[in-house]
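Engineer: Structure incoming, see below.
The values are calculated or read from the model by the stated rules, or taken from the named source; none is laboratory data. Here the structure is a predicted model, which is why all the values come from computation and not from measurement. Neighbour counts run over all protein chains shown; Cβ positions are idealised from the backbone, glycine included. Accessible surface areas use protein heavy atoms only, side chains included; no ligands, DNA or RNA. Shrake-Rupley method; radii C 1.70, N 1.55, O 1.52, S 1.80 Å.
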Amino acid sequence: MTVAQILAVSIFVVMFVLMVLDKIEKQYITLVAGALTLILVFGVAMHSMDAVIETLNVKNIFTKGFWITSGEGSEESSGINWATIIFLAGMMVMVEGMAKAGFFRWLCLRLAKLVHYKPIPLFVTFMVMAAVLSMFIDSITVILFLAAVTIELAKLLKLDPVPMILSEVFCANLGGSATMCGDPPNIIIGTGLGLSFSDFLTNTGLIAGICLVVVIIYFYLVYRKELLSEESQELDTSNIPDPSTAITDKKKFIISSVIFACAVVLLVSHASTGLTVAFIGTVIAIITLVTSGKDALELLKKVDYKTLLFFIGLFIVVGGLEQTGILKSIASFIGKVSGGNVYVMVAIIIWISAIASAFVDNIPFAATMLPIIKSLAGTNQPLLDCLAWTLSIGTDIGGSATPIGASANVVGTSVAAKNGYPIGWGRYCKTAAPAMIIVVTISMIVIFLRYCGGVTM
């Protein structure tokens, strides 16, 4: 290995270890690691200004293809994925506007009322809602509001909220795997490979749909005794607030609902319109801010800038691995181990992705693996598509297995703990880990049957 490669790998490993230890805020870790990559790897070891420019990738923002494409996918580029960052920022602004108007609390209370607050229908409905909302909205936001309302309802109805929260978290991660905008790893994969919303929906969406049915049955069987016991109790719904009380401002509620609907339409149709996710995110954010009036500044303040900075530093570090040729070496190793067998390749990627994502953040893992699957596939487009869906499912679902595997897990368990319902590793993993294994196994079989047979090496 060259000096540049040793430095790039060392910075990456230290960054990962520090993130797992969780003693320092993640954005500081990745930003410092990114700065060290630019200075030590590109500057001191490589003496390459071109590597710095390519990794920072700022010039890409000022190209027409970054905002509007011909419909054939965006131009591939290495380094910082500004499309991911801009899109996430735009969606964060929209979600904050929806939350302020009371959209999420209203939706939860409305659906609970429709099923007459019965434990089993409530259990199933909230799982489906977690999955569907997470197809379009960040799973962290979905679980933040869903867990809070679940606990509120559980206290009023004298139910145990933990089974519902655990099932909601898993379904939120599963729903996020169904679309390009559902989970950050999918945004990274989609923007990096020029894939559209419909590409994900018709591929990972189908897999997620099959798995959702299995997961609902699984969680019902696991918690059947508790649910049947709660179902037999006489419920007092007199103290439950009416859904209409959740709406803080009727006018803003309607406006935010319309903006959300427009965002969904734009995302679904962006492959045919040629509008990129960066363009959509920017337009949605501007419309939200303009219609928010005096609350616009408050919405901007609530944007999760820490996550956006985390992404910037992360992409620079991964760019260091890419520029030094480390990622190509890893791809070559996987190719040799699999012997060019696409079935073995898929099995390796999906299980490594799932197991790794159970213990480390799936965002940096997806960002690291994307150039690897590009290198593995080369000019073989059917193989690249197959590996893209494999990586997406592996990273999205693997994170569900442990309390630290995905941000939604951390948020769900934190909300529960703050309200007097602590969820330890044992209780969490007892149900979530087997569910993850079942879903990844089903996903692998579907990928084998649907894609691998049509791939020629």
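Engineer: Test residue 89 against the stated conditions and say whether it is within 30 Å of residue 195 (Cβ to Cβ) and either of a type in the set (Gly, Ala, Ser) or assigned to a loop (DSSP other than H, G, I, E, B) (or both).
Structural biologist: Judged against the criteria, residue 89 is a match.
Engineer: Then there's this: Would you check which residues across region 402-457 are in a helix (DSSP H, G or I) and hydroxyl-bearing (Ser, Thr, Tyr) and list them?
Structural biologist: Result: 407, 413, 414, 428, 431, 441, 443.
Engineer: Collect the residues in region 6-27 that are closer than 21 Å to residue 366 by Cβ and either polar (S, T, N, Q) or in contact with a Phe, Trp or Tyr (Cβ under 8 Å, 6 or more places away or on another chain) (or both), keeping them in residue-number order.
Structural biologist: Within region 6-27, 20, 26, 27 qualify.
Engineer: Go through 55, 37, 30, 84 for me and flag whichever is of a type outside the set (Lys, Arg), closer than 20 Å to residue 374 by Cα, at pLDDT 90 or above and assigned to a helix (DSSP H, G or I).
Structural biologist: Exactly one residue qualifies, and that residue is 55.
Engineer: Looking only at residues in region 45-60 that are closer than 14 Å to residue 322 by Cα and without any contact (Cβ under 8 Å) to a residue 12 or more places away in the chain, which one is surrounded by the fewest Cβ atoms within 10 Å (Cβ to Cβ)?
Structural biologist: In this case the residue turns out to be 50.
Engineer: Further question: Please work out which one of (1) modelled with pLDDT under 90; (2) open to solvent by 10 Å² or more (accessible area, probe 1.4 Å); (3) in a helix (DSSP H, G or I); (4) within 27 Å of residue 252 (Cα to Cα) is the condition residue 97 fails and give its number.
Structural biologist: Of the numbered conditions (1) modelled with pLDDT under 90; (2) open to solvent by 10 Å² or more (accessible area, probe 1.4 Å); (3) in a helix (DSSP H, G or I); (4) within 27 Å of residue 252 (Cα to Cα), the odd one out for residue 97 is (1).
Engineer: Okay, next question. What residue, of 349, 363, 373, 397, is under 14 Å from the mean Cα position of the chain (by Cα) and over 20 Å from residue 307 (Cα atoms)?
Structural biologist: Within the list 349, 363, 373, 397, the selection yields 397.
Engineer: Condition (residue is buried (at least 18 other Cβ atoms within 10 Å of the Cβ) and in contact with a Lys or Arg (Cβ under 9 Å, 6 or more places away or on another chain)) applied to region 266-288: is it met by at least one residue?
Structural biologist: no
Engineer: If only one of 411, 415 is open to solvent by 10 Å² or more (accessible area, probe 1.4 Å), modelled with pLDDT under 90 and more than 18 Å from the chain's Cα centre (by Cα), which one is it?
Structural biologist: Exactly one of 411, 415 is open to solvent by 10 Å² or more (accessible area, probe 1.4 Å), modelled with pLDDT under 90 and more than 18 Å from the chain's Cα centre (by Cα), namely 415.
Engineer: If you don't mind, another one. Mind checking which pairs have a first residue in region 117-132 that is on the phi > 0 side of the Ramachandran plot and a second that is assigned to a helix (DSSP H, G or I) and of a type in the set (A, V, I, L, M), Cβ under 9 Å, 6 or more apart or different chains?
Structural biologist: 117/153; 117/156; 117/157
Engineer: Going residue by residue through region 390-401, is there one that turns out to be open to solvent by 30 Å² or more (accessible area, probe 1.4 Å), out of contact with any Lys or Arg (no Cβ under 7 Å at 6 or more places or on another chain) and more than 16 Å from residue 171 (Cβ to Cβ)?
Structural biologist: Looking for residues that are open to solvent by 30 Å² or more (accessible area, probe 1.4 Å), out of contact with any Lys or Arg (no Cβ under 7 Å at 6 or more places or on another chain) and more than 16 Å from residue 171 (Cβ to Cβ), one finds none in region 390-401, hence no.
Engineer: Still on this structure: Write out, first by first residue and then by second, each pair whose Cβ atoms fall under 6 Å of each other, whose residues are 6+ apart or on separate chains, and whose first residue, in region 435-448, is touching a residue at least 12 places away in the same chain (Cβ under 8 Å) while the second is buried (at least 18 other Cβ atoms within 10 Å of the Cβ) and polar (S, T, N, Q).
Structural biologist: Listed by first residue and then by second, the contacts come to 436/400; 447/390.
Matching residues to (1) without any contact (Cβ under 8 Å) to a residue 24 or more places away in the chain; (2) part of a helix (DSSP H, G or I); (3) not β-branched (Val, Ile, Thr):
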| site | (1), (2), (3) |
| --- | --- |
| 251 | yes, yes, yes |
| 262 | no, yes, yes |
| 270 | no, yes, yes |
| 298 | no, yes, yes |
| 307 | no, yes, no |
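Engineer: Among the residues of region 234-242, are any open to solvent by less than 80 Å² (accessible area, probe 1.4 Å), without any contact (Cβ under 8 Å) to a residue 12 or more places away in the chain and closer than 26 Å to residue 131 by Cβ?
Structural biologist: no
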